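Below: the structure, in structure tokens.
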Amino acid sequence: MSLINQTPAWKALEQHWGQVKGIAMRDLFASDPGRAQRLRLSAGGLDLDYSKNLITEQTRSLLLNLAETADLSGWIGRLFAGESINNTEQRAVLHIALRNRSNRPILVDGRDVMPLVNEVLDRMESFVALVRSGEWRGFQGQPIRDIVNIGIGGSNLGPKMVCTALGAYGSDELRVHFVSNVDGTHLVETLRDLDPARTLFIVASKTFTTQETMTNANSARDWLLAASRDPAAVAKHFVAVSTSAERVSAFGIDTQNMFGFWDWVGGRYSLWSAIGLPIALAVGYDRFVELLEGAFAMDEHFRTTPLAENMPVVLGLIGLWYANFGGARTHAVLPYDQYLRLLPAYLQQGDMESNGKGVTRGGVAVDYTTGPVVWGEPGTDGQHAFFQLIHQGTQLIPADFIGAIRSHNEMGDHHLKLMANFFAQTEALMRGRTTEEALAEMSEAGVPEERAQLLARHRTFPGSRPTNSILMERLTPYTLGALIALYEHRIFVQGVLWGINSFDQWGVELGKQLAGVILDELREGRVWADHDPSTRALLEAFIRGRSA
Ligand code: F6P
């Protein structure tokens, strides 16, 4: 198949951007009173208002046409049918099976995977009950108080983000910590105040080969053994989550204490698997199931809803509209909810590791933009930092605003103030302020004419800056599950449109390989491999500094 940007559907959108880019978004609302009502969707407890976008009815229909050209419906079908759509790794992509609460059979190589999924869920439930009830005892016979998850990338970001997001459901009796960085500081600082006799480690690694995780796991075991002086303590203080029983066993963890998952679960899509064990420990197994149920509701919406009314599809197409036709290079995720503060970091891996690709599924280099840089901070903090650039800078930065109607921590009018800012920012970004409006405001405020003339251009806001508003009644395990699944499917939609494989990650390999060679050199204190002059000089300086 030819590249998507060679198709008539793409060319039509290119031309259409030329017609739409100069339209003021406020005029779209003025000329169409029903716009806000029409451009909204609901699914999985989430309400999406996407009316504050630079899109017309024609844009919508051209984007949907592009989706049809890319056979998006066919790809959604292939995803849910368990086909090997991760073609470079020859794997199915079945995070949707992990939260398939209908238990509808999902076949991989002719075998239903649901019994496997349910068996691991049952084991997680029993284990969580033992730990949370205090029945699971450490080497001195005490219950566990601290869980330390050791993992990185998808084996860290997902469970960490969810545990943070569901902070309102946790308890101080069982505290969950996350160690990911190979920088020893991370482990040292995390363990500083913990009692080895009451600490349980989860070593979470799909491959069980990741350097950072294995290094931290070994050091954690040393820490435990230094206190227990008994190798038998490892069985009481270490459990593993992995796809490799062999490597878990080689590390010294009894496979009785291992929770498995499968190669058809991508690392960055794995929080729904046993990788979610810290979540279930932190908030309870039933709440973990509610998280799965929320994701399942979004899966069902995505699987069965026509493209035009399909929330992940609509969001994916809008993102592509700005990236490929409007020249946007980034996408801001702005949760107006302190509990969601790690969502942008989580989505950075989800989106950028998935769609940061430069060749199609067939290996042809693309000459159009693929995955954007994803970034963001919670509101209102971001407003006092980088919002200036979104309002008046020269780049187009599409942004998602995410908030809840009710807070878990209602206190005075904090929540009203928080959400007043959410709504005000999206309104300001859409409306902007014309120079005439700026002048009129200053005149009313008694600013002298000369000064007003000077300031008018600075106080002008171009407006027409696109935002999506996602609102939920409350941030619960269910709505969070739906929200995460929404973004997962949005990523998939865009990957399909760009013709790339969103489920491999070859781009992380080269650095890993080189680091292996350099580590040997640093250990030996001698640079012997072939390096560019800059890297060689840096290595030599480092080695000199270490030996001084
Ligand atoms: O290096 C990237 C990566 O492979 C991610 O895709 C993955 O989530 C992470 O490393 C951790 O991998 P593992 O779970 O196998 O330790």
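Miscellaneous remarks
- One residue stands out among those in segment 511-531 that are among the acidic types (D, E) and assigned to a helix (DSSP H, G or I): the one that is farthest from the ligand (Cβ to nearest atom), which is E524.
- When V148, V131, V162 are screened for being over 28 Å from the mean Cα position of the chain (by Cα) and open to solvent by less than 10 Å² (accessible area, probe 1.4 Å), only V131 passes.
- Members of segment 410-450 found to be open to solvent by 90 Å² or more (accessible area, probe 1.4 Å) and in a loop (DSSP other than H, G, I, E, B), listed by number: E410, M411
- Options T370, T380; residue that is under 24 Å from L342 (Cα atoms), among the polar types (S, T, N, Q), crowded, with 22+ Cβ neighbours inside 10 Å and under 23 Å from the mean Cα position of the chain (by Cα): T370
- T190 being more than 12 Å from the ligand (Cβ to nearest atom) and among the β-branched types (V, I, T): yes
- Residues that are assigned to a loop (DSSP other than H, G, I, E, B), closer than 19 Å to P398 by Cβ, free of Cβ contacts under 8 Å to residues at least 60 places away in the same chain and open to solvent by 10 Å² or more (accessible area, probe 1.4 Å), drawn from segment 9-68: G22, T56
- Residues in segment 493-506 that are open to solvent by 10 Å² or more (accessible area, probe 1.4 Å) and in a helix (DSSP H, G or I) were compared, and the one that is nearest to R40 (Cα to Cα) is V496.
- Residue check for V203: aliphatic (A, V, I, L, M) and near the ligand (Cβ under 10 Å from one of its atoms): yes
- Scanning segment 370-388 for residues that are part of a loop (DSSP other than H, G, I, E, B) and either in contact with a Ser or Thr (Cβ under 8 Å, 6 or more places away or on another chain) or farther than 30 Å from S502 by Cα (or both) yields G371, P372, T380, A385.
- Restricting segment 327-356 to residues that are away from the ligand (no atom under 16 Å from the Cβ) and in a helix (DSSP H, G or I) leaves a set whose member that is most open to solvent (accessible area, probe 1.4 Å) is Q338.
- Within the set A217, A226, A197, the sole residue that is within 13 Å of the ligand (Cβ to nearest atom), modelled with pLDDT of 95 or more and not polar (S, T, N, Q) turns out to be A217.
- Any hit, segment 138-153, residues being away from the ligand (no atom under 16 Å from the Cβ), within 24 Å of V289 (Cβ to Cβ) and assigned to a loop (DSSP other than H, G, I, E, B): yes
The values are calculated or read from the model by the stated rules, or taken from the named source; none is laboratory data. Here the structure is a predicted model, which means the values were calculated and not measured. Note that we place each Cβ from the backbone using ideal geometry, even for glycine, and neighbour counts take in every protein chain shown. Side chains included, ligands, DNA and RNA excluded: accessible areas come from the protein's heavy atoms. Shrake-Rupley method; radii C 1.70, N 1.55, O 1.52, S 1.80 Å.
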